[in-house]
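Nothing in this text is a laboratory measurement; each read-out follows from the coordinates by a stated rule. Just so we're clear, the structure is a prediction, and the values are computed from it rather than from any experiment. As a convention, Cβ positions derive from the backbone with ideal geometry for all residues, glycine included, and neighbour counts pool all protein chains shown.
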Amino acid sequence: MKNRSLIYFGFVATFTYLFYGQSIGINFLIFPILVLLAMIYLGFKKEYIVPFIGLICTGFGVFMYDDTPAIAIHFLSVIILFGFLTDRIKSLYLAPIMGGISGFLSLITKTVDVFSNSNTLFSQLRFNRSNAFSITIALLVTLIFGSIYASANPLFSDLLTFMTFKNYQINWELIMVIFGGSIMMAAVFYPFRVEFIETIEEKMPSVLSAIQTEIEDSEFLNALKTENKSGIIMLSMLNVLILFFNLFDVINLTKGIVLPNGMTYSQYVHEGVNLLIISVILAIGVILFFFRGNLNFYSGNQLLKKLAFAWLIQNTLLLLLVAQKNTSYIGAYGLTYKRIGVYVFLLLTMAGIALTFIKIIRQKTIWYLLRTGSITVYLTLCVFLVFNWDAIILRYNLNYAHVQDKKYNESLNLVNTWHVWKENNLPEPDRQVYRISQSDWQSFHLGLYRYEHR
């Protein structure tokens with residue numbers, strides 16, 4: 001235990017060295033390696049792989065490109081990892097909740113443990129982990145009311161200042177970095193477990209089981225038959241409807257799209273894409289409704305399953321047609337982040353359809369879909385941030401787009417796109433880059449370095 005405490009403080013000191021007085025740079029790429037070393041010391045488990053991949057991908061994105069989303073997802077990855085380190089969480093959508101709680105309370109409870117196990121006055125107060133949460137809430141409420149009183153009465157505010165910091169110059173940045181590092185490392189070395197979240201996790205099985213009922217067997221069987229028949233009728237009608245819609249769409253795409261009066265091509269694509277993606281998500285919801293319980297185990301559900309598979313396949317075709325429309329739109333008017341986002345949504349929706357297939361075939365629960373689906377969304381976003389999309393967008397627009405949106409092209413981050421302007425023998429936009437480069441190695445940023453030495 002003593003060795004763990006010493007190593008913990010060593011990691012906090014390393015964290016402070018990496019981030020105090022520094023801007024965003026290679027420190028964001030080194031931090032995941034620091035966390036990996038701690039996890040190897042404590043015992044690396046396969047459950048940590050997903051959030052660790054996210055940390056590496058987003059850290060690489062932050063180091064390579066001047067990209068705000070990468071920073072946001074990087075911090076999210078840290079919180080998700082903290083959630084998995086409690087060893088009780090297996091669902092990625094619950095991990096941020098557990099991670100957010102664990103980080104702060106781990107530090108509080110560890111401090112309480114130190115005092116309660118020592119021969120001091122504090123140990124006589126019987127502080128323990130069970131009332132750490134109460135202590136934390138009490139401190140936060142006291143700080144809130146203290147701030148209110150200080151704001152309401154300037155004389156009281158001056159008194160507080162005199163009593164505390166009058167003769168000292170407080171380095172708040174250093175304090176906040178040390179405090180942040182202490183919280184992060186405490187979540188790794190001394191994870192705090194929240195029982196009610198663990199209880200939620202335990203009640204979310206991945207595999208369905210037949211629900212026992214006290215209803216007479218004949219009455220129960222009749223109810224299943226009725227539900228099965230309702231599902232067959234509904235899915236038959238929906239299959240016919242989407243078949244006609246897809247055929248109509250294919251014919252229009254083959255002959256050439258004729259827009260209604262007063263509608264632009266942009267409106268046609270954007271409105272259509274949004275509504276069709278929503279319709280596919282609702283389609284998955286309908287499937288989940290019918291295959292939520294005992295109907296999965298009903299021997300006469302074969303036709304219902306075939307209709308469900310047919311409808312999922314037709315919805316996949318619908319998504320492919322939407323992708324074709326988006327591709328045509330990009331070819332005419334150029335690439336943007338929003339149009340790339342359409343592809344990402346389509347890809348994730350197709351993944352949802354694939355998981356729904358697995359759910360029906362292997363009799364999985366909705367919780368299985370949420371667990372696997374959340375991991376798919378998270379890893380997709382993390383891998384997405386590895387690429388220099390500013391440069392990809394500008395290169396495509398300058399070389400392939402029929403209509404050039406000069407204003408949009410010039411709005412792309414110059415740190416990430418200067419070399420594309422140079423490749424095309426075009427002058428860089430007359431726009432200042434506001435990010436400040438620092439000489440310390442911790443703040444070394446490859447994208448900014450290349451821009452400054454172009």
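Some points to look at:
- Segments 247-254, 303-310 sorted - mean Cβ within 10 Å per residue, highest first: 303-310, 247-254
- Residue ranges 51-63, 398-410 sort as 51-63, 398-410 when ordered by packing (mean number of other C-beta atoms within 10 Å per residue, highest first).
- 5 angstrom amide H check on residue 300, placed H, neighbours 5+ away: none
- Residue by residue, region 366-376 carries 3J(HN,Hα) couplings of 5, 5, 4, 4, 5, 4, 5, x, 5, 5, 4 Hz when phi is fed to the Karplus relation 6.51 cos²θ - 1.76 cosθ + 1.60 (θ = phi - 60°); x denotes Gly or Pro.
- Region 387-401 - phi-based ³J(HN,Hα) in whole Hz, Karplus 6.51/-1.76/1.60, Gly and Pro as x: 9, 8, 6, 4, 5, 4, 5, 5, 4, 5, 4, 6, 9, 10, 5
- Spin-label model distance (nm) - residue 174 vs residue 255, 7 Å beyond Cα toward Cβ: 7.6 nm
- Residues residue 7 and residue 53, FRET efficiency given R0 of 30 Å [Cβ-Cβ distance, rounded to 0.05]: 0.75
- Rounded to the nearest 0.05, the FRET efficiency derived from the C-beta distance between residue 244 and residue 97 at R0 = 51 Å is 0.70.
- Difference of contour (0.36 nm per residue) and Cα-Cα distance, residue 338 to residue 422: 27.7 nm
- Chain lengthening between residue 446 and residue 17 when straightened (0.36 nm per residue, less Cα-Cα): 152.5 nm
- Whether region 336-450 is rounded, prolate or oblate, judged on the alpha carbon gyration tensor where a/c under 1.5 counts as rounded: oblate
- Residue-by-residue Karplus 3J(HN,Hα) for region 7-13, coefficients 6.51, -1.76, 1.60, Hz, glycine and proline x: 5, 4, 5, x, 5, 4, 5
- Residues with amide H under 5 Å from that of residue 364, placed H, sequence gap 5 or more: 208
- Computed over region 391-452, relative contact order equals 30 percent, with contacts defined as Cα pairs under 8 Å that lie 6+ residues apart.
- Packing-based order for 414-423, 179-188, using average beta carbon neighbours within 10 Å, highest first: 179-188, 414-423
- Under 5 Å, built H, 5+ apart or other chain: amide partners of residue 401: none
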